[in-house]
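Read the structure below first, then the notes.
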Amino acid sequence: MALEHVDVLVVGAGLSGIGAGCHLRMECPDKTYAVLEARDSIGGTWDLFRYPGIRSDSDMYTLGYAFRPWSEAKAIADGPSILKYVGETAREYGVDERIRFNHRVVRAEWSTDEARWTVEVERTDSGETVHMTCGFLLICTGYYRYDEGYTPEFEGTERFEGQIVHPQHWPEDIDYAGKRVVVVGSGATAVTLVPAMAEEAAHVTMLQRSPSYIVSLPGEDGLANFLRRVLPAKLAYSIVRWKNVLITSAFFQLSRRRPKLVKGWIRKGVQRRLPPGYDVDTHFRPSYNPWDQRVCLVPDSDLFETISAGRASVVTDTIDTFTEKGLRLGSGEELEADLIVTATGLNLLPLGGLQMAVDGREVELPKTLGYKGMMLSGVPNMAVALGYTNASWTLKCDLTHAYVCRLLNHMDEHGYRQCTPENRDPTIEPEPFIDFNSGYVLRAIDKFPKQGSRPPWRLYQNYARDILTLRFGEIDDGVMVFSNPEPEVEAPERLAA
Ligand SMILES: Cc1cc2nc3c(=O)[nH]c(=O)nc-3n(C[C@H](O)[C@H](O)[C@H](O)COP(=O)(O)OP(=O)(O)OC[C@H]3O[C@@H](n4cnc5c(N)ncnc54)[C@H](O)[C@@H]3O)c2cc1C
């Protein structure tokens, strides 16, 4: 029996998978497509994470889609509002009708003879295996494991008489009112949890091994709220989006070029928001430079206000062991707790765990080079939506989807069925795909593809530069190899003879 075939198969129905569907509808209206989603709902990250206070840590004018204005007053938005925005976008562009839930893509095999991928899908509801084929694979699976967050090996967890929770698996019925909470970690999740939980808990302690850079920004964007009143929504959105792109990019560039200056600014900002005499250097001065790891954003100083009000505190120390009553620290100090939240991060996972083979040869990701930050050397008709590490995820995903649509249209125009980025330049040096020294990146970087030392293999993490390359750059750039022309259809008279 012939397998079901679509022109484009989108894997994942999170922020980027829904965006992919919208772009296909707008820019490749004649293409057939389906979205396969492993879970039973859309939204990905914004549906999975349910911990108190869950919110974005970049502004919604850049985390929102370029083509659909973010219209709420909050610039730093809570998880449910983002989920609502993704759901509304899916309905507005008809993407919701193309989603097949409970479909986990586990393997894809490319056949040059047939010019198509055969995809193996595991039904997460029934356990059944199904197959489909597609002409192009657009992988929007995010970058981390859904089934398991990262928790380091801690000693003595079995002795602890209270509850231990990971933010990725937040129990719906957990009651922490009046309890002593310790949040282990210092990343975006920890700094979100602390003020949110402090509203009900007796006290919240943020226990960190080492500090992170934390910057406070207004939760609402005054300019955005003003412009929305006086300008058409799309124009107001695009002005604010560009303002935020430029500010974020300038901050990143300055951090890389003048780290001392930026360190000083961030330190002053923190000091100003905490009570006089607070030990800023122990708890808020990291040993690395800003943007060597992600800088955390807090809205309206909420973390600092909670600390100043005495409802939360920060301890910078290591964990020696869990005890019956809480934690014994490296310094010997005991920290009592009823609930310990391990905000210790994610397990990175490339391509949603999907295995690939090209004409019977397994694709080994670490041996491939990323092309324009979205395709892989030697892998035809496949792109991955991966966002920026130094700016909002959607900025890059929007560009990726628009580029894929241009690529598909180019192939149709010229009658090709296959496009493969091929590196034929022996002077290109492979480098790690992500230029970050955070623990979660270092733990997994050897499973990821590499980037190359020069374009189009180099990942610049620069939106303005990517616009030039992806929106206006040549599709046929000499590196992308177009092949496998459409087979000629025999002339009707010859068929008749
Ligand atoms: C707590 C948290 C806060 C964040 N805040 C921000 C922020 O403020 N700004 C920012 O830019 N980024 C942020 N990020 C990064 C964030 O993940 C992205 O912004 C964005 O939501 C990613 O969207 P996505 O659709 O690419 O991936 P995801 O949201 O991860 O969605 C991927 C989808 O693919 C599905 N899937 C995975 N594997 C398969 C498979 N094999 N087969 C079928 N389906 C599959 C998943 O079930 C999921 O629905 C945050 C991340 C976390 C964890």
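The values are calculated or read from the model by the stated rules, or taken from the named source; none is laboratory data. All figures in this text were calculated on a predicted structure; none of them were measured in a lab. Because the Cβ atoms are built from the backbone with ideal geometry, glycine has one as well, and the counts that use them run over all protein chains shown. Keep in mind that these areas ignore ligands, DNA and RNA; they rest on the heavy atoms of the full protein, side chains included. Shrake-Rupley method; radii C 1.70, N 1.55, O 1.52, S 1.80 Å.
Look through Ala357, Ala383 and report the one residue that is touching an Asp or Glu at 6+ places or on another chain (Cβ under 8 Å), farther than 30 Å from Asp279 by Cα and among the hydrophobic types (A, V, I, L, M, F, W, C).
Of the residues listed, the single one that is touching an Asp or Glu at 6+ places or on another chain (Cβ under 8 Å), farther than 30 Å from Asp279 by Cα and among the hydrophobic types (A, V, I, L, M, F, W, C) is Ala357.
Please specify each residue of region 322-341 satisfying the condition of being in contact with a helix residue (DSSP H, G or I) (Cβ under 8 Å, 6 or more places away or on another chain) and either of a type in the set (Val, Ile, Thr) or surrounded by fewer than 17 Cβ atoms within 10 Å (Cβ to Cβ) (or both).
Result: Thr323, Glu324, Val341.
Can you go through Pro286, Pro276, Pro290 and tell me which one is on the phi < 0 side of the Ramachandran plot and open to solvent by 30 Å² or more (accessible area, probe 1.4 Å)?
Step by step, each of Pro286, Pro276, Pro290 is checked, and only Pro276 is on the phi < 0 side of the Ramachandran plot and open to solvent by 30 Å² or more (accessible area, probe 1.4 Å).
Go through (1) farther than 26 Å from Val194 by Cα; (2) in a helix (DSSP H, G or I); (3) open to solvent by 20 Å² or more (accessible area, probe 1.4 Å); (4) in contact (Cβ under 8 Å) with a residue 40 or more places away in the chain and name the single condition Val106 misses.
It fails just one condition, (2).
Check whether at least one residue in region 476-497 is modelled with pLDDT under 95, open to solvent by 80 Å² or more (accessible area, probe 1.4 Å) and under 27 Å from the mean Cα position of the chain (by Cα), and report yes or no.
Within region 476-497, none of the residues are modelled with pLDDT under 95, open to solvent by 80 Å² or more (accessible area, probe 1.4 Å) and under 27 Å from the mean Cα position of the chain (by Cα).
Looking only at residues that are basic (Lys, Arg) and over 22 Å from Arg68 (Cβ atoms) in region 1-55, which one is most open to solvent (accessible area, probe 1.4 Å)?
Per the stated criteria, the residue is Arg50.
Any idea which residue in region 92-103 is nearest to the ligand (Cβ to nearest atom), counting only those that are open to solvent by less than 30 Å² (accessible area, probe 1.4 Å) and under 13 Å from Glu37 (Cβ atoms)?
His103
Given the options Glu161, Glu172, name the one that is part of a loop (DSSP other than H, G, I, E, B) and modelled with pLDDT of 95 or more.
Unique residue meeting the criteria: Glu161.
If only one of Leu235, Leu137 is at negative phi and within 16 Å of the ligand (Cβ to nearest atom), which one is it?
Leu137
Tell me, which residue of region 24-42 that is aliphatic (A, V, I, L, M) and not in a strand (DSSP E or B) is nearest to the ligand (Cβ to nearest atom)?
Going through the qualifying residues, I end up with Ala38.
Does Gln208 meet the test of being open to solvent by less than 10 Å² (accessible area, probe 1.4 Å), over 30 Å from Leu354 (Cβ atoms) and more than 15 Å from the ligand (Cβ to nearest atom)?
When the stated conditions are applied, Gln208 passes them.
Among the aromatic types (Phe, Trp, Tyr) and surrounded by 21 or more Cβ atoms within 10 Å (Cβ to Cβ): is that true of Phe251 in this structure?
Judged against the criteria, Phe251 is not a match.
Can you tell me which condition Asp7 does not meet? The list is (1) within 12 Å of the ligand (Cβ to nearest atom); (2) over 30 Å from Gly187 (Cα atoms); (3) not in a helix (DSSP H, G or I), and all the others hold.
Answer for Asp7: the failing condition is (1).
Among the residues of region 68-91, write down those that are more than 10 Å from the ligand (Cβ to nearest atom) and under 17 Å from Leu193 (Cβ atoms).
Asp78, Pro80
Just one of Ala198, Ala236, Ala202, Ala224 is buried (at least 23 other Cβ atoms within 10 Å of the Cβ), touching a Lys or Arg at 6+ places or on another chain (Cβ under 7 Å) and not hydroxyl-bearing (Ser, Thr, Tyr); which is it?
Within the list Ala198, Ala236, Ala202, Ala224, the selection yields Ala198.
Mind listing whichever residues of region 140-167 are open to solvent by 80 Å² or more (accessible area, probe 1.4 Å), within 16 Å of the ligand (Cβ to nearest atom) and over 25 Å from Gly439 (Cβ atoms)?
Those that are open to solvent by 80 Å² or more (accessible area, probe 1.4 Å), within 16 Å of the ligand (Cβ to nearest atom) and over 25 Å from Gly439 (Cβ atoms): none in region 140-167.
Does region 71-94 include one or more residues that are part of a helix (DSSP H, G or I), under 30 Å from Pro380 (Cβ atoms) and without any contact (Cβ under 8 Å) to a residue 24 or more places away in the chain?
For region 71-94, residues part of a helix (DSSP H, G or I), under 30 Å from Pro380 (Cβ atoms) and without any contact (Cβ under 8 Å) to a residue 24 or more places away in the chain: absent.
Residues to consider are Met375, Met356; find the one that is at pLDDT 95 or above, under 26 Å from the mean Cα position of the chain (by Cα) and closer than 30 Å to Lys243 by Cα.
Exactly one of Met375, Met356 is at pLDDT 95 or above, under 26 Å from the mean Cα position of the chain (by Cα) and closer than 30 Å to Lys243 by Cα, namely Met375.
Is there a residue in region 115-124 that is out of contact with any Pro (no Cβ under 7 Å at 6 or more places or on another chain), modelled with pLDDT of 95 or more and in a loop (DSSP other than H, G, I, E, B)?
Yes, region 115-124 has at least one match.
Any residue at all in region 113-120 that is under 30 Å from Asn484 (Cα atoms), surrounded by fewer than 20 Cβ atoms within 10 Å (Cβ to Cβ), within 15 Å of the ligand (Cβ to nearest atom) and charged (D, E, K, R)?
Within region 113-120, one or more residues are under 30 Å from Asn484 (Cα atoms), surrounded by fewer than 20 Cβ atoms within 10 Å (Cβ to Cβ), within 15 Å of the ligand (Cβ to nearest atom) and charged (D, E, K, R).
Which one of these is in contact with a Pro (Cβ under 7 Å, 6 or more places away or on another chain), within 12 Å of the ligand (Cβ to nearest atom) and modelled with pLDDT of 95 or more: Tyr51, Tyr65?
The unique qualifying residue is Tyr51.
Among (1) within 15 Å of the ligand (Cβ to nearest atom); (2) assigned to a helix (DSSP H, G or I), where does Arg406 come up short?
(1)
Looking at region 346-389 only, could you name the residues that are over 26 Å from Ile467 (Cα atoms), among the charged types (D, E, K, R) and part of a loop (DSSP other than H, G, I, E, B)?
Asp359, Glu364
Looking at Asp59, Asp40 in this structure, which one is among the charged types (D, E, K, R), under 17 Å from Ser238 (Cβ atoms) and touching a residue at least 60 places away in the same chain (Cβ under 8 Å)?
Just a single option satisfies the conditions, and that option is Asp59.
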